[in-house]
Amino acid sequence: NRHKFWETQPVGQFKEIGDTSLPEGPIEPPKLLSEVKQEPYNLPNLYEWVTCNIDSEEMCAEVYNLLTNNYVEDDENMFRFNYSKEFLRWALRPPGYFKSWHIGVRVKSSKKLVAFITGVPARIRVRGNVVTMAEVNFLCVHKKLRSKRLAPVMIKEVTRRVHLENIWQAAYTAGVVLPTPVSTCQYWHRSLNPKKLIDVGFSRLGARMTMSRTIKLYKLPESTVTPGFRKMEPHDVPAVTRLLREYLSQFAIAPDFDENDVEHWLLPKENVVDSFLVASPETHEITDFCSFYTLPSSILGNPNYSTLKAAYSYYNVSTKTPLLQLMNDALIVAKQKDFDVFNALDVMQNESFLKELKFGPGDGKLHYYLYNYRIRQAVLPSELGLVLL
Ligand SMILES: CCOC(=O)c1cnc2ccc(OC)cc2c1SCCC#N
């Protein structure tokens, strides 16, 4: 019964692939508020819903601990994502967020948090139509409760709460293939600390390569090379918003960021997100922008290392500085900040710098999905202008 659940949902179905007679856009019409189920879905008897107030230190710690021990691992169980508490507060409280979309499941008797799923509102443009959607993320079921069919009821519950806010579409990503990806992207990795990546077993010494030769291969300058390259500051928000909106307009799917969104998602926040821009020393015009977010991972079962410090390419715009040079400056700053690896998807124009800057292809793929929105033809990674956390 593969995809037994997803075959009941308003998503592109595998059997519809190639049927270009189906119209692009919402699959089901919006319901009236009175038609939306008013009460939460039933959980199996032992469990209860809890709305997670992540402003509360205690609740945030419970969510952090659940994810730290039970969230996504790579196929070889070498790493597990270790989102920090400050990252979770950033990711879950964007402009217009709903506390009710931060949903937990507790064991009634012990009150232990054993599952989690979230949504945040976002305006996303899909081939010219700006649609207010929920970005659904952090679906996590405790390792000991897997295969109890908790995920389908959690997905139905977050969908119900999204419907209550009169929102009818969603966007999400997964490492697994579900009905039906709108795009499939590839992760690429640029070693910043090659010795650690080899010691943990992620990378291997190349043939006829010594460790010192390998360290030298990935060595970066001590400081950035682009004149006018500096950290983004609050007063830059209007200009960065203009630059980013213009740049993202070329992609088939991209966020429709306004100044409030840019202020939240792109102003530097220590240990969460770093962003830089290039301002012309003469005119002070902002011509380029780059950003990456901080997402460490637990290193599983290694006696010498416990944490991988990973930077993830976020949104980058180059209108004057070559993208290759801009991204090399991003690598230089990431190395200065002691990251072990700089990761990037092959989305937007990233393919133009990946190989030249010594990124290697990962073995993981990331599939992008839209809920209740059909697109006629799959989107190439280079046509995708959306990075989800
Ligand atoms: C060294 C390169 O790999 C990673 O950075 C990494 C780290 N932690 C993970 C945790 C869960 C995980 O599950 C798919 C993958 C990783 C990966 S590879 C894919 C992410 C990227 N880039």
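Between ASP363 and ASP256, what length comes free when the chain is fully extended (0.36 nm per residue of separation minus the Cα-Cα distance, one decimal in nm)?
Separation in residues times 0.36 nm, less the Cα-Cα distance, equals 35.5 nm.
If packing is taken as the average count of other Cβ atoms within 10 Å, what order do 355-362, 343-350, 98-105 fall into, highest mean first?
Top to bottom by mean Cβ count within 10 Å: 343-350, 98-105, 355-362.
Grab the Cα-Cα distance for ARG123 and THR20, subtract it from 0.36 nm times how many residues apart they are, and report the gain in nm with one decimal.
The span from ARG123 to THR20 would gain 34.5 nm if fully extended.
Extent of region 14-95 along each principal axis, from alpha carbon coordinates, in Å, largest to smallest?
In descending order, the Cα extents are 48, 40, 35 Å.
Of the trypsin sites (Lys or Arg not before Pro) in region 14-79, which ones lie in a loop per DSSP and count no more than 14 other C-beta atoms within 10 Å?
In loop regions of region 14-79 (DSSP not H, G, I, E or B), the sparsely surrounded trypsin sites (Lys or Arg not before Pro) are LYS31, LYS37.
Compute the acute angle (0 to 90°) between the alpha-carbon long axis of helix 150-164 and the principal axis of greatest extent of the alpha-carbon atoms of the chain; round to the nearest 10°.
90 degrees
Quick check on region 169-252: take the gyration tensor over C-alpha atoms, sort the square-rooted eigenvalues as a ≥ b ≥ c, and tell me if it's rounded (a/c under 1.5), prolate or oblate.
Because a/c hits 1.5 or more and a/b fails to exceed b/c, region 169-252 counts as oblate.
Amide H to amide H, which residues 5 or more places from VAL317 or on other chains are under 5 Å from it, using H placed in the peptide plane?
Under 5 Å from the amide H of VAL317: PHE289, CYS290.
Count the lysine pairs in region 98-256 whose Cα atoms sit under 24 Å apart, keeping only pairs 8 or more residues apart in sequence or on different chains.
Going through region 98-256 pair by pair, I get 24.
How large is ³J(HN,Hα), in whole Hz, for each residue of region 275-285 in order, when computed from phi with the Karplus curve 6.51 cos²θ - 1.76 cosθ + 1.60 and θ = phi - 60°, using x for Gly and Pro?
9, 9, 9, 10, 10, 4, x, 7, 8, 6, 5
Please list, by residue number, everything in region 125-163 whose backbone N is under 19 Å from a paramagnetic label point 7 Å out along Cα→Cβ of LEU380.
Residues 126-128 fall inside that zone.
Can you quote the Å³ per residue value for the convex hull of the Cα atoms in the chain, rounded to an integer?
Dividing the Cα hull volume of the chain by its residues yields 156 Å³.
Can you tell me the length gained on complete extension of the stretch GLN38 to LYS108, counting 0.36 nm per residue apart and subtracting the Cα distance?
Residue separation times 0.36 nm, minus the Cα-Cα distance, leaves 23.0 nm.
How many nm separate the modelled label positions at ARG146 and SER212, each set 7 Å beyond the Cα in the direction of the Cβ?
4.4 nm
With unit charges on the beta carbons (Lys and Arg positive, Asp and Glu negative) and the dipole taken about the Cα centre of the chain, which residue among PRO221, THR319, LEU139 sits farthest to the positive side?
Farthest along the dipole direction, towards plus: LEU139.
In whole Hz, what ³J(HN,Hα) sequence does region 13-30 give by Karplus (6.51, -1.76, 1.60; θ = phi - 60°), x for Gly and Pro?
With coefficients 6.51, -1.76 and 1.60, one gets 9, 3, 5, 8, 4, x, 7, 6, 7, 6, x, 7, x, x, 8, 10, x, x Hz.
Laboratory data are not the source of any read-out in this text; all were calculated from the coordinates shown. Computed from a prediction, not measured in an experiment: that's the story for all the values here. Every residue, glycine as well, gets a Cβ built from its backbone with ideal geometry; the counts of neighbours run over all protein chains shown.
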